[in-house]
Amino acid sequence: MEVDARELPDSTRTAPEAAAAVGCEVGAIVKSLVFRVGDEAVLALVSGGNRADESLLEAGFGAAVERADAEFVRAATGYSIGGVPPIGHPRPLRTLVDEDLLRFPVVWGAAGTPRSVFPIAPDELARLAGGTVVRLAAPAR
């Protein structure tokens, strides 16, 4: 699949930075978060406006999760934190997709660097990622 990757002059490393650079709501930014389930890398695609709820992640993956360190993320995805794309990894990762992403006609995912993004329809993203769409947002504080 080809994506319309866009290199931007401003950082897209965080969801607020990406939203400002693209000119969209922060919720339309896809945060690609890599976690560990034992030795397995798993991926949560979370709306930029949400904080992932650990108990929902664990329910979705069926096991305890822990945040992956930079070395583990690079080994699993081939990318550095801040530029991890939601698709296109060396091997498929079990993936959960935040249902809140489906509120938007287009969402923006990292395209491999802290300054690049690409647009995609969220249902197409879920399909390409092989992801299961579930609620991932932590309750508001």
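The values are calculated or read from the model by the stated rules, or taken from the named source; none is laboratory data. All values reported here derive from a predicted model rather than from experimental measurement. Here the Cβ is made from the backbone with ideal geometry for all residues, glycine too, and neighbour counts use every protein chain on show. The accessibility values were calculated without ligands, DNA or RNA, using every heavy atom of the protein model including side chains. Shrake-Rupley method; radii C 1.70, N 1.55, O 1.52, S 1.80 Å.
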- prompt: Can you tell me how many residues in segment 96-141 are more than 12 Å from the chain's Cα centre (by Cα), at pLDDT 95 or above and either on the phi > 0 side of the Ramachandran plot or β-branched (Val, Ile, Thr) (or both)?
  reply: 6
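Look through 25, 54 and report the one residue that is over 13 Å from the mean Cα position of the chain (by Cα) and under 24 Å from residue 121 (Cβ atoms). Spell out the reasoning first.
Values: 54 fails: under 24 Å from residue 121 (Cβ atoms).
Going through 25, 54 in turn, the sole match is 25.
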query: With respect to residue 39, is the statement that it is among the charged types (D, E, K, R) and either touching a strand residue (DSSP E or B) at 6+ places or on another chain (Cβ under 7 Å) or within 18 Å of residue 123 (Cα to Cα) (or both) true?
result: no
- prompt: Are any residues in segment 1-32 within 18 Å of residue 47 (Cα to Cα), of a type in the set (Val, Ile, Thr) and open to solvent by 30 Å² or more (accessible area, probe 1.4 Å), and if so, which ones?
  reply: 14, 22, 26
